[in-house]
Amino acid sequence: MAKTVVINRFNSGLDEDVRSHNTSTFKDSLGFDTLTYPHKLIPYGESEAEALSSGAITDKLISDVNRDSNGYLTMFGRNSAGSPTVTDIILKDSGTNIASTLTSAATDSNASIFLANTSAFYKANYYYSLSGTGIIKKMVSGTWGVTTAGTIPISASWTNEVGVKPMIHPADDILYMARQQFLAKIDGTTFTSLTSVVIPTVQYITSLADYDSDLAIATAPMYEGGKSRVYLWNRNTSSSTFRANIDWGEGSLMILENIGGTLIGVSISDANYVSSTSYDVTKTKKLTVRVLSGSQALVVKELVVPDSFSLKNFKARSSNRLYFGGDNGDAIYVIQKNADGSIIVSKDRYVNNGTAYTTLRGLALFGDYLFTMFDTAGQAGNVYRTKVTSSYTNTSVFETNINPSMDIADRAKLKGLSMVSLSTAPLIAGASVTVKYSVDGAAYTTLFTESTDGRITTPSSNENGGSPFLDGYEYQFKIESTGGAEPIELRYKYEVKDTQL
């Protein structure tokens with residue numbers, strides 16, 4: 001007897017197990033918003049290169065984009081990819097914050113080169129970043145003045161030192177900064193090095209977050225196979241101890257953020273940023289997402305990633321979602337906490353419109369506009385941002401698990417397909433969807449492509465070109481969207497064959 005499977009819920013995120021029985025998780029999603037609408041895949045528009053008057057920004061090694069009290073965007077970079085000697089400050093002063101070109105740029109040769117991922121805007125048009133010392137940069141009518149705010153002590157000069165994004169704690173409106181094992185704060189314009197609270201030298205600080213009234217401090221181990229820890233500090237400078245010291249498990253904790261009152265951390269299973277040679281204990285590289293429950297860090301998601309992937313500690317928080325990424329990836333990841341408390345992890349927007357990139361240098365998110373800074377094999381220091389006018393020339397891809405939503409009793413049996421269909425929102429001019437399938441792990445074969453204006457549902461009873469569907473034990477489906485097509489429902493009809501082992 002033929003059975004029909006309906007897949008019309010897409011909002012449960014990536015699954016650790018490609019053979020999962022979960023009805024709304026999936027193997028992969030690229031370039032789709034899978035979280036906003038549970039029954040629809042919304043493609044993201046493409047990005048374009050951010051430009052100066054001389055052309056696209058390249059080789060500036062921009063990592064930080066901040067927004068000031070005027071709504072202007074300011075980018076911090078360096079003047080060359082080789083041996084930079086000047087900090088470049090690029091001001092995006094369009095009234096809409098999104099202009100096709102950046103209208104003004106300034107250089108600062110009086111300050112030490114800033115450490116990537118360490119700048120922040122804080123009160124009265126002051127920008128702070130870290131280099132050898134803390135630096136104040138004040139914008140006055142487009143002119144930049146430089147003042148040394150103070151010194152954060154460092155234990156050594158690291159070849160691959162990780163820059164820590166500063167944060168303003170909502171409980172006291174004070175800017176907190178971190179470097180290696182040390183902390184500092186800026187209250188108004190008063191800089192204080194917090195020498196009373198220091199992280200042990202076997203670890204280094206990677207990320208800061210607010211957690212109730214505490215400052216949550218994420219740290220990673222200095223050696224392969226060590227454990228990460230999270231320290232909760234009550235911000236009392238007269239105390240030399242932390243309120244809590246939490247074991248965050250093996251691997252390098254690079255991302256820590258408060259999402260909906262839950263402290264969420266993202267670790268990678270190898271040693272990140274540590275330049276010294278160490279015993280390698282990583283066999284399969286994984287991303288691990290943990291949440292703080294009481295005094296314990298509990299694993300809620302663990303995803304295998306390619307050996308070439310390297311998690312960075314760049315992060316953005318918007319609409320109660322956490323965004324992050326890494327080197328040699330294809331998209332930005334997103335984490336959302338649902339109303340029922342469940343944690344969803346998915347891939348979100350492309351870094352480079354679906355094209356390979358090698359090094360992620362930074363990311364920033366302002367409303368619907370994502371800025372990504374990255375290198376490719378042939379170009380360093382690219383700066384891309386979401387296009388103002390939505391354009392969907394790149395392909396968004398959704399890949400199901402194996403035998404998605406199929407009855408458990410049928411999963412290991414030989415089967416034959418009789419029908420596959422895809423429903424979408426009415427296709428607009430230039431929109432197109434393609435459905436492919438894979439049988440028993442073979443390469444994907446196209447079933448059909450639909451681009452007829454206004455079309456809602458397209459069924460198919462054979463492969464593209466007229467060949468019959470292949471029988472098999474394991475089916476997997478891939479949906480591709482261009483031009484803004486919005487998939488809503490995938491259906492497939494199958495029948496178990498009589499001949500069984």
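Measure up Lys40/Lys436; Lys315/Lys387; Lys283/Lys387; Lys40/Lys165 against 29 Å on the Cα-Cα distance and list the ones that go over.
The answer is Lys283/Lys387; Lys40/Lys165.
Name the shape class, rounded, prolate or oblate, that the alpha-carbon gyration tensor gives for segment 193-342, where a ≥ b ≥ c are the square roots of its eigenvalues, rounded holds for a/c under 1.5, and otherwise prolate holds if a/b is larger than b/c and oblate otherwise.
Since a/c reaches 1.5 but b/c is at least a/b, the shape of segment 193-342 is classed as oblate.
When the Cα atoms of segment 112-238 are enclosed in a convex hull and the volume is divided per residue, what value in Å³ results?
Considering the Cα atoms of segment 112-238, their hull volume per residue is 103 Å³.
Stretched out fully, how many nm does the piece from Ala409 to Ser391 gain, at 0.36 nm a residue minus the Cα gap?
So the chain would gain 2.1 nm between Ala409 and Ser391.
Once you have the Cα-Cα distance between Lys138 and Ser342, take 0.36 nm times their residue separation minus that, and quote the gain in nm to one decimal.
Roughly 69.2 nm would be gained on extension.
Contour minus end-to-end for Lys497 and Asp172, with contour as 0.36 nm per residue of separation and end-to-end as the Cα-Cα distance?
Using 0.36 nm per residue and subtracting the Cα-Cα distance, I get 110.3 nm.
Under 16 Å from the Cα of Lys413, which lysines turn up, not counting those fewer than eight places away in the same chain?
Straight-distance partners of Lys413: Lys3, Lys493, Lys497.
Give me Rg/Rg_expected for segment 1-48, where Rg uses Cα atoms only and Rg_expected = 2.2 N^0.38 Å with N residues.
Cα Rg divided by the expected 2.2 N^0.38 Å: 1.35.
Once you've got the Cα coordinates, tell me which of Lys60/Lys337; Lys137/Lys286; Lys27/Lys415 are over 32 Å apart.
Lys60/Lys337; Lys137/Lys286
Based on the Cβ-Cβ distance of Tyr223 and Asn245, what FRET efficiency does E = 1/(1 + (r/R0)^6) give at R0 = 22 Å, to the nearest 0.05?
Efficiency computed from Cβ-Cβ geometry: 0.75.
Going by accessible area, probe 1.4 Å, with all protein chains left in place, what is the ranking of Met177, Met1, largest first?
Per-residue accessible area, sorted high to low, gives Met1, Met177.
The values are calculated or read from the model by the stated rules, or taken from the named source; none is laboratory data. Note that the structure is a prediction, hence the values are computed from the model and not measured. Positions of Cβ are backbone-derived with ideal geometry, glycine not excepted, and every protein chain shown enters the neighbour counts. Surface areas here come from the heavy atoms of the whole protein model, side chains and all, with no ligands, DNA or RNA. Shrake-Rupley method; radii C 1.70, N 1.55, O 1.52, S 1.80 Å.
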